[in-house]
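Pasting a structure here, questions to come.
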Amino acid sequence: MKKRTAALLFLLTFVAVSARAQSPDSSSGSSFKDLYAGIKASIEKNLGRPYVWGAVGLKSYDCSGFAWRVMLDNGVLLKRTTARKLYMMLKPATKDEQGNFGTLVFFDDLQHMGIINSSKDFYHAQSSVGTNLSPMNAYWKKLVYGYRQFPKP
C-alpha cells in the first residue's frame, strides 16, 4: 500500500510539474511580468523594517538579507550570503539593464547592495533608516561598484 501511495504521489507531482512547464502563461513575456510583479510586492511588504546586521526578516533586515528575502519570496533559492558573494555569483547586468527595475546594484567596494526601482532610485536596507526607497543621487552614484541581474527562479 505504501509503495502504491508513493508511486501515485510521484506521478501526480510529475504531471503537475509537466503541466506547469507547458502552460500557456509560462511564456517569457508573461513570466517576466509575473516575476517583476512578485518582486515589487515582496519589496513593498517589507519596506519600513528596521536594519539589523545579519537579519533576513521578517521583522528586520540587512542589505543582503533584504535582497535575499525578495529573491526567496519569488522562487529564487540561493544560500544566504553577503553582498560580496552575491555579486560574484550573479550574472553582470548589461548597460541597458542597469537602470531597470529589479537589477541588483552594489556599492562601496561590495559592502552594500540594493534593488533598482528606476534609473533615479533604488530599494535597500540602510543602517540608519531601515528598508526604504532612496534616490540614486550623487552620493550613491559615486559609491556604485557594479550591477548584477536578478536571478530567475
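Are any residues in segment 84-112 within 15 Å of the chain's Cα centre (by Cα), hydrophobic (A, V, I, L, M, F, W, C) and assigned to a strand (DSSP E or B), and if so, which ones?
Passing the criteria: Leu104, Val105, Phe106.
Tally the residues that are small (Gly, Ala, Ser) and on the phi > 0 side of the Ramachandran plot, restricting the search to segment 96-145.
2
Just the residues that are within 11 Å of the chain's Cα centre (by Cα) and either within 22 Å of Lys142 (Cβ to Cβ) or of a type in the set (Phe, Trp, Tyr) (or both), please, taken from segment 68-83.
Trp68
Which numbered condition trips up Thr131, out of (1) polar (S, T, N, Q); (2) free of Cβ contacts under 8 Å to residues at least 24 places away in the same chain; (3) outside any helix (DSSP H, G or I)?
Evaluating Thr131 over (1) polar (S, T, N, Q); (2) free of Cβ contacts under 8 Å to residues at least 24 places away in the same chain; (3) outside any helix (DSSP H, G or I) leaves (2) as the failure.
Restricting the first residue to segment 79-99 and requiring it to be of a type in the set (Val, Ile, Thr), which pairs with a second residue that is assigned to a loop (DSSP other than H, G, I, E, B) and loosely packed, with under 12 Cβ neighbours inside 10 Å meet a Cβ separation below 7 Å and a spacing of at least six or different chains?
Hits for this filter: zero, empty list.
Still on this structure, please answer the following. Within segment 15-36, does at least one residue satisfy the condition of being modelled with pLDDT of 95 or more and of a type outside the set (Ser, Thr, Tyr)?
Within segment 15-36 (the criterion being modelled with pLDDT of 95 or more and of a type outside the set (Ser, Thr, Tyr)), the answer is no, since none of the residues qualifies.
Going by the conditions given, is Val144 surrounded by fewer than 20 Cβ atoms within 10 Å (Cβ to Cβ), β-branched (Val, Ile, Thr) and within 17 Å of Ala83 (Cβ to Cβ)?
Judged against the criteria, Val144 is a match.
Of the residues in segment 77-110, how many are under 20 Å from Thr131 (Cβ atoms), surrounded by fewer than 16 Cβ atoms within 10 Å (Cβ to Cβ) and aliphatic (A, V, I, L, M)?
1
Ok, one more. Surrounded by 11 or more Cβ atoms within 10 Å (Cβ to Cβ), within 11 Å of the chain's Cα centre (by Cα) and at pLDDT 95 or above: is that true of Gly54 in this structure?
no
Tyr145 versus (1) part of a strand (DSSP E or B); (2) within 17 Å of the chain's Cα centre (by Cα); (3) aromatic (Phe, Trp, Tyr): which is the lone unmet condition?
Failed condition: (2).
May I pose another question? Scan segment 106-128 for residues that are touching a residue at least 40 places away in the same chain (Cβ under 8 Å) and in contact with a Lys or Arg (Cβ under 8 Å, 6 or more places away or on another chain) and jot them down.
Phe106, Ala125
So, one more: Working only within segment 52-78, note down all residues that are more than 16 Å from Gly38 (Cβ to Cβ), in contact (Cβ under 8 Å) with a residue 40 or more places away in the chain and outside any loop (DSSP other than H, G, I, E, B).
Within segment 52-78, Tyr61, Cys63, Ser64, Gly65 qualify.
The values are calculated or read from the model by the stated rules, or taken from the named source; none is laboratory data. Here the structure is a predicted model, which means the values were calculated and not measured. When we count neighbours, we look across all protein chains shown, and the Cβ atoms used for this are built from the backbone with ideal geometry, even at glycine.
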